[in-house]
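Okay, so here's the structure we're looking at.
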Amino acid sequence: IKRLTKGLELTDQRILITAGGTQEPIDPVRFIGNHSSGKMGYTVAKEAARRGAEVTLVTAPTALQTPVGVESIQVQTAQQMYERVMELQAEQDIIIKAAAVADYRPQKIAENKIKKDDSDLVIKLERNPDILAELGNRKEEKLLVGFAAESEDLIANAEEKLERKNLDLILANDITADDAGFGTDTNRGIIISRTDREELPTLPKEEVASRLLDRITNLLERRGE
Ligand code: CTP
Ligand code: CA
């Protein structure tokens, strides 16, 4: 029975999901990256599509396959992700930002492969746009969901981001735990909304995605009342 009621409750919802870790080029062969595998975002995309949503995935490079029924748009840098998300945002009902977006990029990309010499190398970095904060600034009816990977003060940092970026939900992970965060098949953390907190024990990422989408469905239902 549970299975039957957990069916297509996201039908007619347009959901944009970002995933993966952006890559910021230094020269033609090197980039600054991060440890995101993309698993969490891809798993949310797969489960949202299974629940009937129209899912667009804007993804930085990963080793993962696009889930069935999901439209995938490939990007490399934070700036490219920003541009694609801004083009697509107006037509979305829900945006879930699972991507690990580089906060900084090399100010100049060397045209040729950088050669080493005996001195130290200094690469000057400049700020990337904050995609989620920008979405929060212009949000109207849309539901906005962020992620926060923290190595200290998990709840305080996540709540500060929920507030600052004008989000409806944030999923916070403690990346110092070895069963949560980057490259693992499980996740552990807490889902924080404006009104409450749901602690998640260590769970497979499929189950975390499922709980997150349950919370989103609850918020949509509450709005509809
Ligand atoms: N995010 C984003 N654009 C950025 C940086 C982050 O959209 N340039 C999004 C992430 O996708 C995530 C959320 O913001 O959903 C939180 O990311 P996080 O790195 O934890 O927060 P920051 O605001 O970048 O703060 P800091 O890294 O300084 O902790
Ligand atoms: Ca950041």
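Here the range 41-55 is scanned for amide nitrogen atoms under 16 Å from the site 7 Å beyond the Cα of Glu206 along Cα-to-Cβ, giving 41-51.
Go ahead and run the numbers for FRET between Thr217 and Arg30, Cβ-Cβ distance against an R0 of 35 Å, rounding to 0.05. It would help to have the intermediate numbers written out before the result.
Working: r = 43 Å, r/R0 = 1.22.
Step by step, r from the Cβ atoms, then E = 0.25.
Where both bridge residues fall in the range 21-111, DSSP classifies roughly 40% of the beta bridges as antiparallel.
Counting other beta carbons within 10 Å of each residue's own, what order do Leu169, Leu200 fall into, fewest first?
Going from least to most buried by this count: Leu200, Leu169.
What is the Cα centroid distance between the range 167-221 and the range 1-76, reported in whole angstrom? If we compute the Cα centre of each part, the gap is 16 Å. Take each peptide in 47-58, 187-198, count the other Cβ atoms within 10 Å of every residue, and average; sorted highest first, the result is 47-58, 187-198. The packing ranking, built from the mean of other Cβ atoms within 10 Å per residue, places the peptides 104-114, 35-45, 152-162, 79-89 in the order 35-45, 79-89, 152-162, 104-114, highest first.
Close Lys pairs in the range 68-225 (alpha-carbon distance under 21 Å; sequence gap of 8 or more, or different chains): 14. For Lys39, the aspartates and glutamates whose Cα falls under 17 Å of its own Cα, not counting residues fewer than eight places away in the same chain, are Glu47, Glu71, Asp174, Asp178, Asp179, Asp185, Glu206, Glu207.
Every number in this text was worked out from the coordinates using simple rules, so none of it is lab data. Just so it is clear, the structure is predicted and the values come from calculations on it, not from any experiment. When we count neighbours, we look across all protein chains shown, and the Cβ atoms used for this are built from the backbone with ideal geometry, even at glycine.
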